[in-house]
Amino acid sequence: MDWLNKRHHLKKLKLFFMVAGLVIAISLLKVFVHWMQFEFVTLSTLLTSAIGGAIFIIGFLLSGVLSDYKESERLPADIRVALEAIHDDATCFVEKCTEFQLGPVRAILSSILVTLQKGLGHEGAHSRLQPVIAEIDKLTPVIAQMDRLGMPANFIVRLRGQQDQLRRCVFRIYHIQSMQFVPSVYILVKTLVAAIVLLLLFLETEGSPGTALIFGFISYMFIYALYLIETLEQPFRKDHDSLDDVSLFLLREFADKLALCDAADPATLVRDPVL
């Protein structure tokens with residue numbers, strides 16, 4: 001258990017260690033530049049204005065990326081609600097109509113979870129969600145079968161609404177994972193960070209420990225923000241050793257629930273329930 005807690009904390013600090021190592025390397029390069037007297041940039045108001053403008057642009061980009069990230073955190077719950085509603089309505093209907101088979105419904109729901117997990121992992125390059133939409137489309141003939149077997153019209157409308165909600169959530173995840181927020185602004189931020197680090201690298205300093213700390217702090221702030229934006233642009237990054245991605249624990253719990261239902265009713269076990 002202690003090992004798991006330590007691994008959990010290390011995951012939290014993964015980005016910090018990555019950026020800190022890069023900043024230390026740049027700081028050593030700064031020491032070399034100062035020692036070789038290659039510094040030629042003098043401190044002026046233009047430099048401080050450039051740093052202030054870069055901070056503003058990075059803040060603008062971060063606000064846009066964070067809005068998508070916050071929306072992404074709600075999507076697994078919306079998917080779970082839709083899956084639960086479909087499963088509950090099908091379970092209630094099979095009690096009234098013995099001709100209807102519950103196994104295919106659970107098979108489709110489980111397949112949706114499995115393909116979603118694979119599509120958001122390394123195997124699917126974190127954005128291969130077309131198979132998920134194909135699995136959701138398989139619910140259409142099942143709902144049509146329920147309609148033919150006498151399910152009330154309001155329940156059919158509800159089921160189709162939940163199917164549309166699943167499509168809406170998956171399409172939104174697909175779009176967020178595939179598209180970059182204002183690519184031109186992202187290129188601008190990368191060039192600004194590189195330019196500011198270079199300017200600081202060749203800025204005339206007195207070589208004291210205080211100036212070295214200030215250089216390291218400013219470099220750390222800009223480089224960390226750059227890596228953070230890149231990390232948050234794809235909120236669903238399964239199989240990465242990081243805690244910054246949106247968790248799918250709600251969907252894994254639903255997969256476990258389906259597995260328990262299959263264990264209680266082996267007649268409906270027509271698939272591999274493991275997510």
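The values are calculated or read from the model by the stated rules, or taken from the named source; none is laboratory data. Since the model is a prediction, treat every value here as computed from it, not as a measurement. Neighbour counts run over all protein chains shown; Cβ positions are idealised from the backbone, glycine included. Only protein heavy atoms, including side chains, enter the accessible area calculation; ligands, DNA and RNA are left aside. Shrake-Rupley method; radii C 1.70, N 1.55, O 1.52, S 1.80 Å.
Structure notes:
- Three-way shape label, region 44-183, alpha-carbon gyration tensor, a/c 1.5: prolate
- Within the listed set Val246, Val193, Val182, the residue fluctuating most in the Gaussian network model of the chain (springs between alpha-carbon atoms under 10 angstrom) is Val182.
- Rounded to the nearest 10 Å², the accessible area of Glu206 at probe 1.4 Å: 140
- Note on Leu43 and Ile156: the extension gain reaches 33.7 nm, defined as 0.36 nm multiplied by sequence separation minus the Cα-Cα distance.
- Stretched out straight at 0.36 nm per residue, the stretch from Thr211 to Cys261 would grow longer than its current Cα-Cα span by 11.6 nm.
- C-alpha center-to-center spacing [region 183-225, region 39-63] in angstrom: 9
- Lys14 versus Glu71: modelled label distance in nm, points set 7 Å from Cα along the beta carbon direction: 2.5
- Estimated FRET transfer efficiency (Glu84, Ser178; beta-carbon r; R0 22 Å; 0.05): 0.20
- Karplus-derived 3J(HN,Hα), 6.51/-1.76/1.60, for each residue of region 117-134, Hz, glycine and proline x: 4, 5, x, 8, x, 4, 4, x, 6, 6, 8, 8, 10, 4, x, 5, 4, 4
- Residue-by-residue Karplus 3J(HN,Hα) for region 214-228, coefficients 6.51, -1.76, 1.60, Hz, glycine and proline x: 5, 4, x, 5, 5, 4, 4, 4, 6, 5, 5, 4, 5, 5, 5
- Anisotropy class of the chain from Cα gyration tensor, a/c 1.5 cut: prolate
- On region 1-120, 68 percent of the accessible area sits on carbon and sulfur atoms, based on a 1.4 Å probe.
- Of Lys30/Lys238; Lys70/Lys138; Lys70/Lys190; Lys96/Lys118; Lys30/Lys70; Lys70/Lys118, pairs whose Cα-Cα distance is over 28 Å: Lys30/Lys238; Lys70/Lys138; Lys96/Lys118; Lys30/Lys70
- In the chain, the DSSP-assigned H stretches of four residues or longer account for a calculated mean residue ellipticity at 222 nm of -26000 deg cm²/dmol, using -39500 (n - 2.57) per stretch and the full residue count as denominator.
- Listed by chain and number, the aspartates and glutamates whose C-alpha is less than 16 Å from the C-alpha of Lys14, apart from same-chain residues fewer than 8 away, are Glu230, Asp239, Asp241, Asp244, Asp245.
- Once the C-beta distance of Ser247 and Ile24 is scaled by a Förster radius of 35 Å, the resulting FRET efficiency is 0.65 to the nearest 0.05.
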